[in-house]
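Below is one structure, written out as structure tokens; comments come after it.
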Amino acid sequence: MHNRLYLFTLLCLSILLSSCATQKPYSYPNYEIIKPNKICKPNIQNIKKILNSHLDKPYVWAEEGPDAFDCSGLTYTIYGNMGVEIPRIARDQAKMGKKIAFKDLQYGDLIFFGSTNKRSKRITHVGIYLGNGWFAHASSKYRKVTMSHFDKEPKYFKRIKICRRYISPTGDEKYLTCHAPIKDLPTTTVKYSEPWKAGMSLPKKAVP
């Protein structure tokens, strides 16, 4: 009897504390990592649907949606929405998955960019391959989620450092092996942290 009363008291206390939780108001840059909800199965068709729903949304540094993104926030959210957990930061995303040659890229593979210095391995940007030379990315240059083509912007091709695949076309196979240490970053939810929302002013600088 006493054990049941104790458990009931703990349950009531946890409900009371959760109902009293306050959301941290948005401020720029917002380094709180909001974990995306799983909304669909992992496959190429769902990558297309999720990506298309985010095209033209604004670029905001350190955001992972749903109304604004930075480059790795976009890829983090798209894969997270399919239940495929990948790191939040581009340089860590590049450490996970199956290495793919540029000529073998398929829709949904990630392309990681750095400087044009071939000796530099530093990752500074990530995009999602779409096929026929096109890729989508949250661009600080254009200040939005957009599509670019390697022929029209050849500098991107010179900046490619590595390409990775996380899932097979049908999603039946996942390639989530880590090839280097990845720092585990804490995540939160919109219940505790407010992301950038449509209607808020955009930061004057794309990168703080």
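Which pairs turn up if I take residues in the range 73-102 that are on the phi > 0 side of the Ramachandran plot and look for partners that are among the aliphatic types (A, V, I, L, M) with beta carbon separation below 7 Å, at least 6 apart in sequence or on another chain?
GLY97/LEU176
Yes/no matrix, rows are residues, columns are (1) more than 15 Å from HIS54 (Cα to Cα); (2) surrounded by fewer than 15 Cβ atoms within 10 Å (Cβ to Cβ):
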| residue | (1), (2) |
| --- | --- |
| GLY131 | yes, yes |
| TRP134 | yes, no |
| SER139 | no, no |
| LYS152 | yes, yes |
| ARG159 | yes, no |
| CYS163 | yes, no |
| ILE167 | yes, no |
| LEU176 | yes, yes |
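Residues are listed down the side, and each one gets a yes or a no for (1) farther than 24 Å from GLU63 by Cα; (2) out of contact with any strand residue (DSSP E or B) (no Cβ under 9 Å at 6 or more places or on another chain); (3) assigned to a strand (DSSP E or B); (4) not basic (Lys, Arg):
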{"residue": "GLY108", "(1), (2), (3), (4)": "no, no, no, yes"}
{"residue": "ILE111", "(1), (2), (3), (4)": "no, no, yes, yes"}
{"residue": "ARG119", "(1), (2), (3), (4)": "yes, yes, no, no"}
{"residue": "ILE128", "(1), (2), (3), (4)": "no, no, yes, yes"}
{"residue": "TYR142", "(1), (2), (3), (4)": "no, no, no, yes"}
{"residue": "SER148", "(1), (2), (3), (4)": "no, no, yes, yes"}
{"residue": "LYS152", "(1), (2), (3), (4)": "yes, yes, no, no"}
{"residue": "TYR156", "(1), (2), (3), (4)": "no, no, no, yes"}
{"residue": "PRO169", "(1), (2), (3), (4)": "yes, yes, no, yes"}
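Can you find even one residue in the range 4-11 that is of a type in the set (D, E, K, R) and modelled with pLDDT of 95 or more?
no
Only one of (1) within 27 Å of TYR142 (Cα to Cα); (2) exposed (fewer than 13 other Cβ atoms within 10 Å of the Cβ) is not met by ALA180, so which one is it?
All conditions pass for ALA180, except number (1).
Does VAL190 fit the bill of being of a type outside the set (Asp, Glu) and not in a strand (DSSP E or B)?
Against the criterion (of a type outside the set (Asp, Glu) and not in a strand (DSSP E or B)), VAL190 qualifies.
Counting only residues that are touching a strand residue (DSSP E or B) at 6+ places or on another chain (Cβ under 6 Å) and of a type in the set (A, V, I, L, M), how many does the range 70-83 have?
Residues flagged as touching a strand residue (DSSP E or B) at 6+ places or on another chain (Cβ under 6 Å) and of a type in the set (A, V, I, L, M) within the range 70-83 amount to 1.
Any idea which residue in the range 183-208 is farthest from GLY97 (Cα to Cα), counting only those that are surrounded by 13 or more Cβ atoms within 10 Å (Cβ to Cβ) and of a type in the set (A, V, I, L, M, F, W, C)?
Filtering first and then ranking leaves MET200.
Which condition does GLY97 not pass, out of (1) under 25 Å from PRO29 (Cβ atoms); (2) touching a Ser or Thr at 6+ places or on another chain (Cβ under 9 Å), if it passes all the others?
Exception for GLY97: condition (1).
Which numbered condition in (1) over 25 Å from ILE167 (Cβ atoms); (2) at pLDDT 95 or above; (3) over 13 Å from the mean Cα position of the chain (by Cα) is the only one that GLN23 fails?
(2)
Condition test on HIS137, is it in contact with a strand residue (DSSP E or B) (Cβ under 7 Å, 6 or more places away or on another chain), farther than 22 Å from PRO87 by Cβ and not charged (D, E, K, R)?
No; evaluated as a whole, the condition is false for this residue.
Select from the range 127-166 the residues that are more than 17 Å from the chain's Cα centre (by Cα) and among the basic types (Lys, Arg) and write down the one among them that is farthest from PRO66 (Cα to Cα).
Within the range 127-166, the match that is farthest from PRO66 (Cα to Cα) is LYS158.
Regarding the range 62-74, can at least one residue be identified that is at pLDDT 95 or above, within 24 Å of SER27 (Cα to Cα) and surrounded by fewer than 20 Cβ atoms within 10 Å (Cβ to Cβ)?
yes
The values are calculated or read from the model by the stated rules, or taken from the named source; none is laboratory data. What you are looking at is a predicted structure, and each value in this text was computed from that prediction instead of being measured. Reconstructed Cβ throughout: ideal geometry from the backbone, glycine too, with neighbour counts over all protein chains shown.
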